[in-house]
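The values are calculated or read from the model by the stated rules, or taken from the named source; none is laboratory data. All of these numbers come straight from a predicted model, not from anything done at the bench. Remember, those area values only see protein heavy atoms, side chains included, never the ligands or the DNA or RNA. Shrake-Rupley method; radii C 1.70, N 1.55, O 1.52, S 1.80 Å.
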Amino acid sequence: MSHNSDHAFRTRAVHAGHGLDPATGAHATPIYATSTFGYGSAERGARLFAGEEAGFFYSRLSNPTVRAFEEKVASLEGLPDAVAFASGMGAVSALCLTLLRPGDEVIFVAPLYGGTTGFLHEVAARFGVTVREAADEAAVEALSGPATRLIWVETPTNPALDIVDLARVARAAQACGALTVADNTFSTPALTRPAEHGIDLVMHSATKYLGGHGDAIGGVVAGSQDLLAELRGIGLRHVGAALGPFEAYLFLRGMKTLPLRMQAHCEGAQTLAEALAGHPALHALHYPGLPGHPGHAVAARQMSGFGGLVSLDLGSQGAAFTFLNHLRLFTQAVSLGDVESLSCHPGSTTHHLLGEKALRRQGVTPGLVRLSVGIEEPRDLVRDVLDALQHVQRAQFQTT
Ligand SMILES: Cc1ncc(COP(=O)(O)O)c(C=O)c1O
């Protein structure tokens, strides 16, 4: 390995998991497009399968390109190991199916990504797991007890960008002997390393900022060697949502620029949020980097930048649609974390399956728009958003 843990984050982003290919000396990590690996002798095959010798033998379980990606994620999260999956949801389901037993209880701080909540309520609950929703950290403290096995959080949350205090949740989990999982997709280790706040397991939809270029789907979980051996042995081996080597290669390439991209995302989002503060067309503006955001103090403590997402409330679905249809640089599409700016109306897209009550609880109002701020020149993005807001104001003026 051409790095060590003393190196700074930016150095590890480039070098961790990356060395000259032992077979050829290739400088870029090769895409090992192979399902299986010859083990040479029956004796070595037996040793590999018995776990007595480390090595590759079947790509559902381990592959050199995928392993390089896992090592880079583990290094950046400051955790001993990582296991990659075919998607963020592959990681969520493998984690739950590995760690939960009938009678266990999972507490999550709402809202979580809809797919995660869906898995907990619609799959985990079928197997005798009790799923409890906590509104905030105080509710976690009140709800947790001896049956609590997992406490699951995401910060900032989607789409209202609330902030969860990771250290406080970790303390509540330690008090009752539960494990904690943080979905770090929105922050990335460039801004928050949950393990530094006492969180046990850190997961990602690598599809978003880790890849960063909107060209691959994948997931990953980082944690201690013991927990990840269990996750690899059950969640990967028996559930089988393995990451392919081509996607692993794209993530490896993307992650080399993660710190630089995150700096640009944060700069763009902060500039945009500050330019929009107090705009008369807005009913609300959510960005943790604004001093008036309710989670600003906690975010300032646990994040080294406030992230690349900004949410706006335009007061009605009609105004939100007018705004979205007049943006030029923000492509209307779900997903986030790409170098290109993206925009979406959560109420009619990502969150449309939630009932009225859940939408209200999660801050998904009819006028809410989520902007994933890309790495374009912030001045151009501000101009684009202000122009689209002008169309909203004009349309409102014409109907009054
Ligand atoms: C926070 C978060 N976690 C998990 C997921 C699921 O990831 P994937 O789409 O890669 O399965 C998403 C997807 O949008 C997400 O936003």
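Annotations for the structure displayed:
- Convex hull volume per residue, computed on the Cα atoms of the range 137-291, equals 145 Å³.
- Nearest-ten-degree value, helix 245-255 long axis tilted from longest Cα axis of the chain: 60 degrees
- Measuring nothing but how far apart in sequence close Cα pairs (under 8 Å, 6+ apart) lie, relative to its length, the range 258-399 scores a relative contact order of 30 percent.
- Rounded to whole Hz, the Karplus (6.51, -1.76, 1.60) HN-Hα couplings of the range 207-215, x for glycine and proline: 3, 8, 5, 4, x, x, 10, x, 10
- Ligands, DNA and RNA left out, the accessible area of the chain computed with a 1.4 Å probe is 55% carbon and sulfur.
- Mean residue ellipticity, 222 nm, helices only, the chain: the sum of -39500 (n - 2.57) across DSSP H runs of n ≥ 4, divided by residue count and rounded to 500, is -11000 deg cm²/dmol.
- With all protein chains kept in place, the per residue accessible area of the range 245-308 amounts to 42 square angstrom at a probe of 1.4 angstrom.
- Taking amide H as placed 1.01 Å from N in the peptide plane, R132 has its amide H under 5 Å from the amide H of V106, I107, F108, each at least 5 places away in sequence or on another chain.
- Euclidean distance of C-alpha centroids, the range 359-400 and the range 216-251, integer Å: 37 Å
- Crossing angle, helix 88-99 versus the chain [Cα axis fit, 0-90 degrees, rounded to tens]: 60 degrees
- Taking all pairs of distinct alpha-carbon atoms in the chain, Kirkwood radius in angstrom: 21.9 Å
- Relative to the longest principal axis of the Cα atoms of the chain, the long axis of helix 317-326 lies at roughly 80 degrees.
- Its relative contact order, with pairs defined as Cα atoms under 8 Å and 6+ residues apart, puts the chain at 16 percent.
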